[in-house]
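Before we start, here is the structure in question, set down as structure tokens.
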Amino acid sequence: MQTELENPAEATRIQRLKAMTEATHDRLDKRIMAAEPFATKERYARFLSVQHGFHTDVAPLYAAPELNRLLPGLADRCRFEAIRQDIRDVTGNEPSDIAGRNGALDLPTALGWVYVAEGSNLGAAFLLKEAIKLGLSEEDGARHLAGHPSGRGLHWRNFVSAYNTLPLSEEDEIRVAEGARAAFNRVHALVEESFA
């Protein structure tokens, strides 16, 4: 169910975006947990496949000059190569090359996809604890779940601060939310495919 903000006029952009995408996000979280991606290393390898598919889609956004102008340091946040190394660590195989599914996205839609990718990094602290139970670590098999050296919370707050000051109209914000929902749905489809 969609959450209503008590006072939408006083909410930050990130708070509004979270409210507009909460139902889609919750649906995805429940599906991922139902897949039990940390029950075994084999299931975790499937989870890495999901991550690889999604980050193949978003990696070009992290390199986009316009997005880096709006969100300074975005390129340094990309976790695509860490995921590829995690796949090598866990499976012993080279990750397959797959084509990303995002063509030329308009700026607000691209910002929605980046919001989902960055938000998943904030939630990765819980996932890292589960990966450690499988004998993995931030140096072996769970690199992409590692927090930023300056701290996961500070890294997220810096992103939020830049995101909240983006020069977007109300119509743009709606397109950002549509982009975020599309990104959540893409991950959901990858979970269905990998854990079928």
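The values are calculated or read from the model by the stated rules, or taken from the named source; none is laboratory data. This one's a predicted model, so the numbers in the text were calculated from it and none came from an experiment. Every residue, glycine among them, receives a Cβ derived from its backbone with ideal geometry; neighbour counts consider all protein chains shown. Areas reflect the complete protein model, heavy atoms only, side chains present, ligands, DNA and RNA absent. Shrake-Rupley method; radii C 1.70, N 1.55, O 1.52, S 1.80 Å.
What does the C-alpha gyration tensor say about the overall shape of segment 12-58? Classify as rounded when a/c is under 1.5, otherwise prolate if a/b is larger than b/c, or oblate.
oblate
Could you check the simple spin-label distance between Asp26 and Thr12, using points 7 Å along Cα→Cβ, in nm with one decimal?
Once both label points are built, they end up 2.2 nm from each other.
Continuing with the same structure: Once fully extended, how much extra length lies between Asp106 and Ser161, figured as 0.36 nm per residue of separation less the alpha-carbon to alpha-carbon distance?
Details: separation 55, 0.36 × 55 = 19.80 nm, distance 2.17 nm.
Between Asp106 and Ser161, full extension yields an extra 17.6 nm.
To continue, here is another question. Label 7 Å along Cα→Cβ of Arg43; segment 102-131 residues with amide nitrogen under 11 Å?
Of the residues in segment 102-131, none has backbone N under 11 Å from the label point off Arg43.
List the pair-distance distribution P(r) of segment 1-123, using every Cα-Cα distance, as the percent of pairs falling in each 10 Å bin from 0 up to the bin containing the longest distance, rounded to whole percents.
All Cα pairs considered, the percentages come to 11, 35, 35, 16, 2, 0.
Which lysines, if any, have their Cα less than 30 Å from the Cα of Lys41, not counting same-chain residues under 8 positions apart?
Lys30, Lys129, Lys133
Right, something else. How high is the relative contact order of the chain? Use alpha-carbon pairs under 8 Å, at least six apart in sequence, and give a whole percent.
Details: 214 pairs, mean separation 63.0, N = 196.
That works out to 32 percent.
Given points 7 Å out from each Cα along the Cα-Cβ axis, report the Asp97 to Ser169 separation in nanometres with one decimal.
4.1
Separate question: Arg77 versus Lys133, label points 7 Å from Cα toward the beta carbon: distance in nm?
The two pseudo-label positions are separated by 2.9 nm.
From the Cα gyration tensor of segment 132-188, with a ≥ b ≥ c the square roots of its eigenvalues, which class applies: rounded if a/c is under 1.5, or else prolate if a/b is larger than b/c, or else oblate?
Cα axes put segment 132-188 in the oblate bin.
As an exercise, use a Förster radius of 35 Å and the Cβ-Cβ distance of Asp89 and Met33 to find the FRET efficiency, rounded to the nearest 0.05. All intermediate terms of the calculation are to be shown ahead of the outcome.
Working: r = 23 Å, r/R0 = 0.67.
Efficiency at R0 = 35 Å is approximately 0.90.
Just the number, please: carbon plus sulfur as a percent of the accessible area of the chain, 1.4 Å probe, no ligands or DNA/RNA counted.
Details: 5240 of 9960 Å².
Looking at the chain in its full context, I get 53 percent from C and S.
So, one more: Assuming a ≥ b ≥ c are the square roots of the Cα gyration tensor eigenvalues, decide whether segment 86-196 counts as rounded (a/c under 1.5), prolate (otherwise, with a/b larger than b/c) or oblate. Present the calculation step by step, with values, prior to reporting the outcome.
Values: a/c = 2.45, a/b = 1.42, b/c = 1.73.
Verdict is oblate for segment 86-196.
Quick check for me: using +1 on Lys/Arg Cβ and -1 on Asp/Glu Cβ, what's the dipole size of segment 5-82 about its Cα centre, in debye to the nearest 20?
Working: 12 positive and 11 negative charges, 30 e Å.
With Lys and Arg at +1 and Asp and Glu at -1, about 140 debye.
Can I ask one more? Work out the length of the dipole vector of the chain about its Cα centre, built from +1 on the beta-carbon of each Lys and Arg and -1 on the beta-carbon of each Asp and Glu, and round it to the nearest 20 debye.
It works out to roughly 340 debye.
While we're here: Send over a whole-number figure in Å² for the accessible area per residue of the chain, probe 1.4 Å. Mind dumping the intermediate values first?
Values: 9960 Å² over 196 residues.
With the other protein chains kept in place, the chain gives 51 Å² per residue.
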